[in-house]
1. Looking at this structure, is residue 158 within 16 Å of the chain's Cα centre (by Cα) and closer than 21 Å to residue 198 by Cα?
2. Among (1) more than 20 Å from residue 206 (Cβ to Cβ); (2) over 18 Å from the mean Cα position of the chain (by Cα); (3) open to solvent by less than 50 Å² (accessible area, probe 1.4 Å), which single condition is residue 63 missing?
3. For residue 56, are the conditions met, namely being open to solvent by 90 Å² or more (accessible area, probe 1.4 Å), assigned to a helix (DSSP H, G or I) and either in contact with a strand residue (DSSP E or B) (Cβ under 7 Å, 6 or more places away or on another chain) or under 16 Å from residue 161 (Cβ atoms) (or both)?
4. When the residues of region 83-107 are narrowed to those that are acidic (Asp, Glu) and touching a residue at least 24 places away in the same chain (Cβ under 8 Å), which ends up farthest from residue 151 (Cα to Cα)?
5. When you scan region 139-152, do you find a residue that is modelled with pLDDT of 95 or more, among the polar types (S, T, N, Q) and not in a helix (DSSP H, G or I), even just one?
6. Within region 73-87, take every residue that is closer than 13 Å to residue 24 by Cα and open to solvent by less than 40 Å² (accessible area, probe 1.4 Å) and give me the one that is nearest to the chain's Cα centre (by Cα).
7. Given the condition modelled with pLDDT of 90 or more and under 21 Å from residue 154 (Cα atoms), answer yes or no: does some residue in region 66-74 qualify?
8. Taking region 111-133 only, how many residues are farther than 22 Å from residue 154 by Cα and either in contact with a helix residue (DSSP H, G or I) (Cβ under 7 Å, 6 or more places away or on another chain) or crowded, with 21+ Cβ neighbours inside 10 Å (or both)?
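The values are calculated or read from the model by the stated rules, or taken from the named source; none is laboratory data. As the structure is a computational prediction, the values presented were derived from the model and not from experiment. Cβ atoms come from the backbone with ideal geometry, glycine included; neighbour counts cover every protein chain shown. Side chains are part of the model used for accessible areas, which takes the heavy atoms of the whole protein and leaves out ligands, DNA and RNA. Shrake-Rupley method; radii C 1.70, N 1.55, O 1.52, S 1.80 Å.
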Amino acid sequence: MAAPKPIERVTLPVQIADRLRADILAGVYPGGVQLLETELAQTFSVSRGPLREAMQRLVQEGLLRSAPHRGIFVMEVDEADLLDVYFVRETLETAALRKIHSEGRQESVADTLTTIADRMDRALKSGDTRAGGDLDFAFHRTLVDAADSERLSRTYATVQAETRLCLHRLMGGYRSSKDLAEEHFRLAKAIRSQDIGAIETELQQHLSNPARYLRKAGGTAFS
């Protein structure tokens, strides 16, 4: 039997980053606003060292930007950013799908994704759109993680953080369509098939929706 993995400690910078990330996505800090270390250190009751490390984590995630000789600012996003984020998501998820397909692991991956889609369906039918949204993100993160590429997963984690920022800034938060779960069931079903072309087409159609709805609704979209 393999030895159990040790439990990872959540360091103070990680805790601060989690809190700051949540506040940014909740709109506590609007796009373009400068974050001052002194004020944040007092707000969070922490020293500036771990706070600075936490802020650099969020710079790497694309939620903050560092302007030389000026400071740290909350990222501002527009429709071009949304389109670019989804372009990169499609590129990364397609790469994951091709690797999974080449290794013949479609069945097991599709099983896992179908289970997540089922939980999403039950959450949305019960009116829990927040859980449905979280499961949407979990579905795609699970898909990419299934490729067993640490670098791909690490890159995708950053893109998902930027996706959340775009959804909150441009659409006022996550919006789930009535057939969201059905879309994910179809994608899982396509992944189970042997036709990589059909899989990529289904993914492309799925990820094209947010930008299309944004343009149609003038700032309110489904994901």
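1. Numbers: within 16 Å of the chain's Cα centre (by Cα): yes; closer than 21 Å to residue 198 by Cα: no.
Answer is no for this residue.
2. (2)
3. Values: open to solvent by 90 Å² or more (accessible area, probe 1.4 Å): no; assigned to a helix (DSSP H, G or I): yes; either in contact with a strand residue (DSSP E or B) (Cβ under 7 Å, 6 or more places away or on another chain) or under 16 Å from residue 161 (Cβ atoms) (or both): yes.
So residue 56 does not fit the description; no.
4. Quick first cut of region 83-107, residues acidic (Asp, Glu) only: 84, 90, 93, 103, 107.
Checking which are touching a residue at least 24 places away in the same chain (Cβ under 8 Å) leaves us with 90, 93, 107.
Values: 90: 16, 93: 13, 107: 24 Å.
Residue satisfying both the conditions and the ranking: 107.
5. yes
6. Just the residues of region 73-87 that are closer than 13 Å to residue 24 by Cα, to begin with: 73-77.
Now restrict to residues that are open to solvent by less than 40 Å² (accessible area, probe 1.4 Å): 73-74, 77.
Numbers: 73: 21, 74: 17, 77: 15 Å.
Across region 73-87, the extreme among qualifying residues is 77.
7. Looking through region 66-74, at least one residue is modelled with pLDDT of 90 or more and under 21 Å from residue 154 (Cα atoms).
8. First pass over region 111-133, keeping only residues farther than 22 Å from residue 154 by Cα: 111, 114-115, 117-132.
Checking which are either in contact with a helix residue (DSSP H, G or I) (Cβ under 7 Å, 6 or more places away or on another chain) or crowded, with 21+ Cβ neighbours inside 10 Å (or both) leaves us with 114, 117, 119-121, 123-124, 131-132.
Residues flagged as farther than 22 Å from residue 154 by Cα and either in contact with a helix residue (DSSP H, G or I) (Cβ under 7 Å, 6 or more places away or on another chain) or crowded, with 21+ Cβ neighbours inside 10 Å (or both) within region 111-133 amount to 9.
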